[in-house]
Structures are given as structure tokens and as C-alpha cells.
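Novice: Sharing a structure, written as C-alpha cells. Questions coming.
The values are calculated or read from the model by the stated rules, or taken from the named source; none is laboratory data. Keep in mind that what you see is a predicted model, and the values were worked out from it rather than measured. All Cβ positions, even for glycine, are placed from backbone atoms using ideal geometry, and neighbour counts span all protein chains on display. Calculation scope for accessible area: heavy atoms of the full protein, side chains included, ligands and nucleic acids excluded. Shrake-Rupley method; radii C 1.70, N 1.55, O 1.52, S 1.80 Å.
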Amino acid sequence: IFPLTVPPAPASAPPTTSLSGLTSAEVAERVRRGQTNNFHPKVGRTYWQIVRDNVFNIFTVTMLIMLSIVALMGDLTTVFFAGFSVVSNALFGTVQEVYSKRKFDRLMALAAPHVKVMRDGALREIDVYSVVLDDVLPLEPGDKVVVDGVALASDALEMDESQLTGESDAVLKDPADALYSGSFCGAGSGVMRATVVGEKSTVNRLTSVAKQYRYVLTPTQQRINTIVKLSIFVMVVCTPMLFVSGFIQQGEVVNLSNLQSAVVFVASIVPQGLVLTATLSLTIGAIAISRRQTLVQRVNAVESMGNVSCLCFDKTGTLTENRLAVQEILPQDGHSEAAISGRLREYVLNLSALNRTAAAIGALGVAAVGAAPDVRKRGEIPFISARKWSAIVVP
């Protein structure tokens with residue numbers, strides 16, 4: 001509702017720092033030197049990791065080796081029937097996860113966050129990856145700090161650093177104080193200069209560690225893996241006995257008959273149908289959920305959701321819109337509506353930054369857009385949800 005006004009430079013600000021921001025030439029020079037925030041932490045698995053986990057696992061590799069030997073000896077019928085479940089199991093899992101990864105990557109590109117920066121003396125909005133070293137960024141309530149930096153100006157600026165430190169109390173920032181990426185502006189307003197960008201910033205270093213992919217098996221998958229490992233152990237112990245038996249009966253250690261017997265034995269011992277049935281069930285479930293505008297990143301997420309007993313949502317901004325409106329002013333204790341409107345006008349025009357409530361009060365008409373207050377504040381206690389109130393101090 002009200003235009004952003006950049007506070008005057010504090011006396012402690014370095015003389016070489018300008019609140020008007022970098023020029024286009026300075027930005028181009030930093031881009032050329034690679035001093036940008038263009039860093040994308042690895043989230044999820046790569047295509048190679050997806051193929052590796054679905055194709056090159058114990059079950060698939062064991063069966064493929066046996067079937068390859070039989071295929072070289074010309075028994076294609078055995079290869080076809082015994083290899084169907086092996087190929088199907090690997091194919092279904094790989095196709096589903098590759099499809100989900102492609103969708104997820106496109107969504108991440110569309111959801112790239114944007115920030116406001118001062119460049120060439122004007123306020124501009126750019127994507128977070130285009131921020132460069134020494135960029136000047138204004139801060140208002142709700143803004144996320146995307147790079148590490150130092151405060152150039154502060155008007156009751158309070159930062160929420162709970163995601164970094166675990167402390168829920170807001171931290172008051174003065175000019176020359178350090179600001180860390182991953183924190184949020186909880187109240188007040190200010191201006192910061194970027195001093196650390198890219199992979200070296202606090203939030204990117206933490207993200208690179210916290211978002212490492214962890215493939216968690218569901219209870220059903222854990223039991224199936226146990227059965228498969230036990231079956232392979234039995235296979236390793238008993239398969240050599242088939243060749244010994246063939247040698248005793250036929251006088252040859254390795255021949256087509258012995259290999260066919262070994263493949264049939266392995267195919268019967270290893271629960272191919274069980275593995276294939278589980279993969280097919282999860283894939284069908286993932287497809288059904290995907291038709292309801294839901295992205296399933298892992299096939300086994302279907303069973304994981306089935307084991308959920310309590311699902312919590314943050315509805316603000318997701319199921320509802322973060323907008324407030326004031327319908328009317330109801331005076332109390334003998335005060336007139338005009339007197340209350342006058343107080344509200346001075347309050348709104350003196351705020352360092354407008355939160356949703358203050359913007360709704362301003363939209364009621366108690367203050368004109370861009371107007372100057374009749375009385376300048378001496379200090380301010382900004383609004384935060386923990387306090388549930390705010391105040392200004394006037395002469």
C-alpha cells in the first residue's frame with residue numbers, strides 16, 4: 001500500500017557503501033568473476049542413482065547374470081519366462097521415479113523465489129540466484145534473508161533466526177550487525193549488504209547437508225528385502241550342490257542341463273513374483289494419486305502415507321490467503337471515531353514497515369498513501385506474533 005522508503009545511511013556505515021545499490025556495470029563485473037548466488041543444492045537423487053538402485057540391486061544383478069549365461073547357450077525360452085519379472089520390476093520403478101524427478105525439477109524452476117534489491121538507485125525484483133556480492137537488499141517483515149551480509153540501516157529491525165539457532169526469541173539488529181541467510185525479518189525494517197553469496201552462505205551450506213537424499217524403506221519393503229536376502233543365501237549354499245550332482249551323474253561340472261537346473265532353482269527360490277507384485281501395487285497407487293494433482297517422488301511413498309496416523313497442515317498461505325480487512329471502527333470508553341482515526345493515522349504513517357494488520361488499517365482510509373505524519377516517532381516496538389501488540393513513542 002505504501003511505497004518502500006530506504007532509511008538514511010547510518011554514521012557507522014562504511015563510506016564506500018551506497019544505499020542506492022550497485023550499478024549495472026558493477027553487477028556485470030561480479031557476474032563475470034562468478035560472485036553470484038547461483039548455487040543449486042542437490043535435492044533428491046540423480047538419474048544415475050535412480051537407475052542404479054532399481055537395476056543394479058542384489059536381486060536384479062543375480063538374476064541377470066544367471067539369465068545371461070543361459071542366453072549365451074541358446075535357451076531363450078527359459079530366459080524369457082524367468083526374466084520377465086526381473087525386467088518388469090526394474091522398469092516400473094525406474095520409469096515412475098524418473099517421471100517424478102522430471103516433474104519435480106520443473107516445479108522447482110517455476111517456484112524460484114524472488115527478492116528485492118537496489119540497483120542503479122532503483123528498487124528491482126530479481127530471482128534469488130541473480131543476487132551478487134555487495135548487492136543492497138531492503139528488508140521488511142516476512143522477507144527471508146537469502147545471502148549472508150551486514151546491516152547498513154535498521155529501524156527496529158528484528159530477525160527470526162530460529163531455523164539456524166533453535167532460539168525462538170527475535171534478535172534486534174543494529175547497523176553493522178551481521179545478518180545470516182536462512183533467517184527472517186520478523187518486525188521492523190532495514191537495509192543489508194551482501195557479503196557472502198553462493199555455496200559459502202549459511203543457508204546453502206546447511207541445505208547441502210540437510211537435504212541429502214535418504215531412501216527410507218517402508219515396512220513391507222523391509223520384509224521383502226529380508227526374504228530376498230535369505231533366499232539368496234540359500235541359493236549361494238545350494239546352487240553349487242546342483243553342479244556337484246551333475247558331475248556325479250553325468251561326469252561334467254558345467255553343461256546346459258546343469259545351468260538350466262541352476263536357473264530354475266534360483267528362479268524358484270528368489271521370490272520374483274512377490275517383488276514384482278509389490279512394485280506393481282505401489283506403481284498403480286502412485287499413478288492413481290498422480291491423477292489427483294499430486295506429485296509422488298518415490299514409489300514407496302504410497303505405503304508410507306498409508307502408515308500415517310496424524311497429518312498436520314499449515315493452512316495460512318496454503319489453504320487460505322494471507323489477507324486481512326477492517327470493516328469498521330467501534331469507539332469505546334467515550335472516545336470519538338475521529339479521535340481514534342487520528343491516532344491510527346499517526347501510528348500507521350510512523351511504522352517502519354507495514355504488516356498485514358497495519359496495511360488493513362491503512363486501507364480503511366485513516367491514512368493517505370505516501371502521506372507524511374504530523375508527528376515523528378521517537379521509537380517503535382514493532383508487531384510480532386509472539387507479542388501480539390505494537391506501539392510507537394511520540395513526543
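Yes/no matrix, rows are residues, columns are (1) of a type in the set (S, T, N, Q); (2) modelled with pLDDT of 70 or more:
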{"residue": "Thr5", "(1), (2)": "yes, no"}
{"residue": "Arg30", "(1), (2)": "no, yes"}
{"residue": "Gly34", "(1), (2)": "no, yes"}
{"residue": "Pro41", "(1), (2)": "no, no"}
{"residue": "Gly44", "(1), (2)": "no, no"}
{"residue": "Gln49", "(1), (2)": "yes, yes"}
{"residue": "Asp53", "(1), (2)": "no, yes"}
{"residue": "Val70", "(1), (2)": "no, no"}
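Novice: Next up: Is there any pair with a first residue in the range 191-208 that is assigned to a helix (DSSP H, G or I) and a second that is of a type in the set (Ser, Thr, Tyr) and open to solvent by 50 Å² or more (accessible area, probe 1.4 Å) whose Cβ atoms are under 8 Å apart and which are 6 or more apart or on different chains, and what are they?
Specialist: So the pair list comes out as Thr202/Tyr180; Val203/Tyr180.
Novice: Ok, one more. If you take the residues of the range 139-159 that are touching a Ser or Thr at 6+ places or on another chain (Cβ under 6 Å) and of a type in the set (Asp, Glu), which of them is modelled with the highest pLDDT?
Specialist: Checking each candidate, the answer is Asp148.
Novice: Could you list, in sequence order, the residues of the range 161-187 that are open to solvent by 20 Å² or more (accessible area, probe 1.4 Å), over 19 Å from Leu351 (Cα atoms), outside any loop (DSSP other than H, G, I, E, B) and modelled with pLDDT of 85 or more?
Specialist: Residue satisfying the conditions is Ala178 alone.
Novice: Mind checking which pairs have a first residue in the range 334-363 that is of a type in the set (A, V, I, L, M, F, W, C) and a second that is part of a loop (DSSP other than H, G, I, E, B) and open to solvent by less than 40 Å² (accessible area, probe 1.4 Å), Cβ under 7 Å, 6 or more apart or different chains?
Specialist: Hits for this filter: Ile340/Ile329; Val348/Ala367; Leu349/Ala367; Leu349/Ala371; Leu349/Pro373; Ala358/Leu351.
Novice: Okay, next question. For the condition within 30 Å of Met66 (Cα to Cα), of a type in the set (Gly, Ala, Ser), modelled with pLDDT under 70 and part of a helix (DSSP H, G or I), what is the one hit in Ala262, Ala278?
Specialist: Every option except Ala262 fails the conditions.
Novice: Is the range 115-134 home to any residue that is closer than 27 Å to Asn350 by Cα and in contact with a helix residue (DSSP H, G or I) (Cβ under 6 Å, 6 or more places away or on another chain)?
Specialist: Yes: one or more hits.
Novice: Among the residues of the range 89-116, count how many are at pLDDT below 75 and surrounded by fewer than 17 Cβ atoms within 10 Å (Cβ to Cβ).
Specialist: Total meeting the criteria: 10.
Novice: Restricting attention to the range 288-303, report how many residues are surrounded by 14 or more Cβ atoms within 10 Å (Cβ to Cβ) and in a helix (DSSP H, G or I).
Specialist: Qualifying residue count, the range 288-303: 5.
Novice: On the given criteria, is Thr220 modelled with pLDDT under 75, over 30 Å from Ser20 (Cβ atoms) and not hydrophobic (A, V, I, L, M, F, W, C)? Steps first, answer last, please.
Specialist: Values: modelled with pLDDT under 75: no; over 30 Å from Ser20 (Cβ atoms): yes; not hydrophobic (A, V, I, L, M, F, W, C): yes.
No.
Novice: Checking Glu125 against (1) under 24 Å from Arg323 (Cα atoms); (2) touching a residue at least 24 places away in the same chain (Cβ under 8 Å); (3) of a type outside the set (Phe, Trp, Tyr), which test does it fail?
Specialist: If we test Glu125 against (1) under 24 Å from Arg323 (Cα atoms); (2) touching a residue at least 24 places away in the same chain (Cβ under 8 Å); (3) of a type outside the set (Phe, Trp, Tyr), just (2) comes out false.
Novice: Also, quick follow-up: Can Pro331 be described as touching a Lys or Arg at 6+ places or on another chain (Cβ under 9 Å), open to solvent by less than 60 Å² (accessible area, probe 1.4 Å), more than 16 Å from Phe383 (Cα to Cα) and modelled with pLDDT of 75 or more?
Specialist: Against the criterion (touching a Lys or Arg at 6+ places or on another chain (Cβ under 9 Å), open to solvent by less than 60 Å² (accessible area, probe 1.4 Å), more than 16 Å from Phe383 (Cα to Cα) and modelled with pLDDT of 75 or more), Pro331 does not qualify.
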